[in-house]
Amino acid sequence: MSNLLPRHIAIIMDGNGRWSQENHCRHRWDGHRYGINAVRDVIKGAVEKEIETLTLFAFSKENHQRSQAEITALIKLFKECLLKETDQLAENGVKLKFVGDLKGLSTELVVLAREAEFKTRHCTKLKLNLAINYSGRWQITNTLKSIAIGCKEDTFNIDKLDEKTISDLINNDFGTEPDLMIRTGGEFRISNFILWQLAYTELYFDSKLWPDYNKYDLFEAIKNFAKRQRRFGLENAYAQSV
Ligand code: IPE
Ligand code: IPE
Ligand code: MG
């Protein structure tokens, strides 16, 4: 593997609502359904490029403020996808992991998600993290809570708290920190996606709306990443040891 390839790519899949409008769809959430084609193609592209981990942001905690009709349509779509796509993902070597408060969305979805994780547990080609009902601050809050409980129950010594302990707890869910974060849809913001983990991630913004995005757009972002000079605070480029 080239040392210029990102090992972990995270994507904010944005622009489905605008895509629905531009394409005269009946509902603004019809774009989410078309967005599934982009998800499939990007997963294929990540496997082709031998990316180790792909993290996709599919629904934020804040998206709960949307209309009940849109939320219901999204939960239905997540469930349908899990039922239809899990076997194919397993065949293609994709190991699924859900990150986020799924219980807060639908218990039926939790069951399907855990089944999909179980079915794909031995896959080794690509780790696919799906962030659903997730937000960066929510994850940091949970991490702080678990540390506080550890202190109260005397299973954790506060004097031992350091950045590595926090990183290990947070990365437990995502595996590693992303090397490259892509946002589609033309906005230049993080929208409460992974926060702690983005400390030294390279950022890439694409104006394409998510349903129009495909693996060749992903390859462009990967090509752009290869030209970046990551320094991590040093004077010169950091020599990646991949
Ligand atoms: C992103 O698309 C998907 C979710 C947030 C679930 P949007 O629905 O936010 O699309 P725009 O940004 O309104 O176009
Ligand atoms: C971020 O997009 C969340 C997902 C893509 C899942 P939003 O559309 O919710 O972000 P804002 O509201 O434009 O910041
Ligand atoms: Mg949006």
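Considering helices alone, the calculated mean residue ellipticity of the chain at 222 nm is -14000 deg cm²/dmol, with DSSP H runs of length four and up weighted by -39500 (n - 2.57) and normalised per residue. If you roll a 1.4 angstrom probe over the protein chains with everything in place, what fraction of the accessible area of the chain belongs to carbon and sulfur, to the nearest %? Its accessible area is 50 percent carbon and sulfur atoms.
Along the Cα-to-Cβ line of ALA199, 7 Å from the Cα, sits a label point; which residues in the range 142-176 have backbone N less than 18 Å from it? Inside the label zone: 142-145, 147, 159-176.
Take every pair of alpha-carbon atoms less than 8 Å apart whose residues are at least six positions apart; their mean separation over the length of the range 143-242 yields a relative contact order of 20 percent. What ratio of Cα Rg to 2.2 N^0.38 Å holds for the range 74-185? Against the empirical 2.2 N^0.38 Å value, I get 1.24 for the range 74-185.
For the range 1-111, the Kirkwood estimate of the hydrodynamic radius, built from every pair of different alpha carbons, is 15.5 Å. Annotation note: chymotrypsin sites (Phe, Trp or Tyr not before Pro) in the range 170-242 located in DSSP loop regions with a Cβ neighbour count of at most 11 within 10 Å are PHE188, PHE232. Taking trypsin sites (Lys or Arg not before Pro) across the range 1-102, the ones in a DSSP loop with at most 10 further Cβ atoms lying within 10 angstrom of their Cβ are ARG26. Taking a straight Cα-Cα cut-off under 24 Å and skipping sequence neighbours fewer than 8 places away in the same chain, the lysines within cross-link reach of LYS160 are LYS145, LYS152.
In the complete set of protein chains, residue-level accessible area for VAL42 is approximately 0 Å², probe 1.4 angstrom.
Note on SER191 and LEU77: their simple-model spin labels are 1.2 nm apart, each label 7 Å out from Cα toward Cβ. Solvent exposure of the chain, expressed per residue, is 55 Å² of accessible area, with all protein chains present and a 1.4 angstrom probe.
In plain terms, the bigger the Kirkwood radius, the slower the diffusion; for the chain, with that radius from Cα pairs, at 25 °C and 0.890 mPa s, Stokes-Einstein puts D at 130 µm²/s. Here the calculated FRET efficiency for ILE158 and PHE232, from their Cβ-Cβ distance with R0 = 30 Å, stands at 0.60, rounded to the nearest 0.05. Put a plus charge on the Cβ of each Lys and Arg, a minus charge on the Cβ of each Asp and Glu, and nothing anywhere else: the dipole of the chain about its Cα centre is then about 280 debye.
Once the Cβ-Cβ distance of HIS64 and SER146 is raised to the sixth power relative to R0 = 30 Å, the FRET efficiency obtained is 0.85. Altogether, the Stokes-Einstein calculation at 25 °C and 0.890 mPa s, with the Kirkwood radius of the range 187-242 over Cα pairs as Rh, returns a diffusion coefficient of 182 µm²/s.
The values are calculated or read from the model by the stated rules, or taken from the named source; none is laboratory data. Worth saying up front: this structure is predicted, and the values here are computed from it rather than measured. Cβ coordinates were reconstructed from backbone atoms using ideal geometry, including for glycine residues, and neighbour counts include every protein chain displayed. Side chains are part of the model used for accessible areas, which takes the heavy atoms of the whole protein and leaves out ligands, DNA and RNA. Shrake-Rupley method; radii C 1.70, N 1.55, O 1.52, S 1.80 Å.
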